[in-house]
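The values are calculated or read from the model by the stated rules, or taken from the named source; none is laboratory data. Keep in mind that this is a model prediction, so the values were computed, not measured. Here the Cβ positions follow ideal geometry from the backbone for every residue, glycine too, while neighbour counts run over all protein chains shown. The accessibility values were calculated without ligands, DNA or RNA, using every heavy atom of the protein model including side chains. Shrake-Rupley method; radii C 1.70, N 1.55, O 1.52, S 1.80 Å.
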Amino acid sequence: MPCKCGSRSTIRDDVTGNLVCSNCYTLLDFDNFEAQIGGISGPKGTNIHIGYAGTGSLFSYKDKKIFQAKTLIHEYTLNLNISYSESGVTSMINEITEGQFGQGDWFNVLIGACSYVVMRRDNRFLPAAEVAEVVGCDVYELGRMIARVVKFLNLTLPEVSISGLFERELNNSMRLENVDGEKKERMRKQGIFLVNCAVKWFLTTGRRPLPVVAAVLAFVAELNGVEVLKIEDVAKDVYAVVSTCKLRYKELLEALVQVAQILPWGKDVTVKNVVKYAPFIIRYMEMKSMEMPGGGGRGENFDLDDVVSECLQKAADYGDGDKFFESDSQYFEGGYRNDFPILSNDNDIENLKLSHECLSLIYTKFSNEVEADRLKGKSGKVHGRKSRGLDLHACKDWWSGKSELSKKLLIQQILEKEIGLDLMPPSFIAGCKANERRRRKINAAKVRINKIMDPSNTGSDGSGNLNSSEVAYSGKKRKRRQASEIDWEDFVIETLLLHQVKEEDIEKGHYKALLDLHVFNSGVM
């Protein structure tokens, strides 16, 4: 700006450092403005620059960004109920971003990923689906960010504890606030036991763990008479799909039914009534898991011959002996009591045609009904009962919780336990069935192709009529296909066979990839 005299030439005073006009030596006002507040001794003014917000304060873009980032970290950790790990999340993000932090949707996903990693690193349990719900992202996007964080920091995370997830959901469930503490503790141990059994049965292999947790939690609640906890409510609380939770619940019931088949009354157990028989089934699994590797059980040492002998000789205390054995004819290879030899000192117990499971059931029933002094060899009485029917909930002490499977174990420790049933992974079984179904479709397609290409080789035994209808379709709502029906899969298989695709590749079922590779890119249409 020119001076009042019109000159544009300025010089700086060596003493004050102010600019003055070189022509008239007038102090230029626009250089240093001094606010005239309170006289000469009042506060001095401040030059206005970008980034300054008043006297003596600095609030730059970087500081604002860091402040907002830390506020967002605090908000998310508070919503995830992990505020005690906020410092760990902040330090991890600071290390990853080299102190720059960030803004935007990607930073929200980074906060969620670091929260999950910090909790899992500290052997605490935080479901990834819950984190994704809080930070507002997809669970797959969160998983990719978690993988990047782990790779960048070169971390080795411990394995996911599904039993720990179950315990967390049980303790955090608002619907169980009014449940008695003792019952809730029993539900916790039973749930951890069943979760470990589900791991043993490969019900969690290659699947999300939360639907299994929801299924076990709903089953334990039903087993203990907690009506306020339904599977739909549990699925909503754990951020899982209701249909998937119901499918895992059905698989759990089917596994328990298979365990019950080894018991004498196992043929009466179905998916619909397995909850009624569940106390005995779980008790059997618990006793089986506490057996020593050599086959010996834990607990008191009794002579099984004497126990079985006295149980059979005391049959009169339970009612009519003939009716007793008549109703139990399914458990033995005979029909009535007279068909069995009376046990005595001169008679060997091996003459009885009893299975190992039946003897175990007799022993368990005997040990539950005999007084403690009687088990020690003293005088006592065997308590009778009024009816022969099974009162599955009459025994309140069916659950002991002494098995190691009632604790949080590693996968290797769970697989080493014996619970009376070994299953293959359901996905593996489904894959084998699918391969078998595709193999039958391939054979049917080959016969149809050969019939068209060389009709003279078609046999008179009707083999030329082989088609895909030989493949059985299960399901009540699905109608059985007619013998002449051929679906799109049959046409795809025929096309691949005509293009000389290996049958082993077709059995895998990757039709789209095979069509792109051998049909559409082969030059032959």
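Quick notes
- Less than 5 angstrom separates the built amide H of residue 10 from those of 22, all sequence-distant by 5 or more or on a different chain.
- Per-q log10 I(q)/I(0), the stretch 61-153, q = 0.14, 0.21 Å⁻¹ (Debye; single scatterer per alpha-carbon; no solvent): -0.42, -1.00
- Excluding ligands, DNA and RNA, the accessible surface per residue across the stretch 162-291 is 41 Å² with a 1.4 Å probe.
- Here the Kirkwood formula, the inverse mean of 1/r across different C-alpha pairs, assigns the stretch 162-291 a hydrodynamic radius of 14.8 Å.
- Surface share of carbon and sulfur [accessible, 1.4 angstrom probe, percent] for the stretch 162-291: 50
- Ligands, DNA and RNA left out, the 1.4 Å accessible surface of the stretch 61-153 is 49% carbon and sulfur atoms.
- Distance between the 7 Å Cα→Cβ label points at residue 424 and residue 94: 5.4 nm.
- With a Förster radius of 45 Å applied to the C-beta separation of residue 67 and residue 178, the computed FRET efficiency comes to 0.60.
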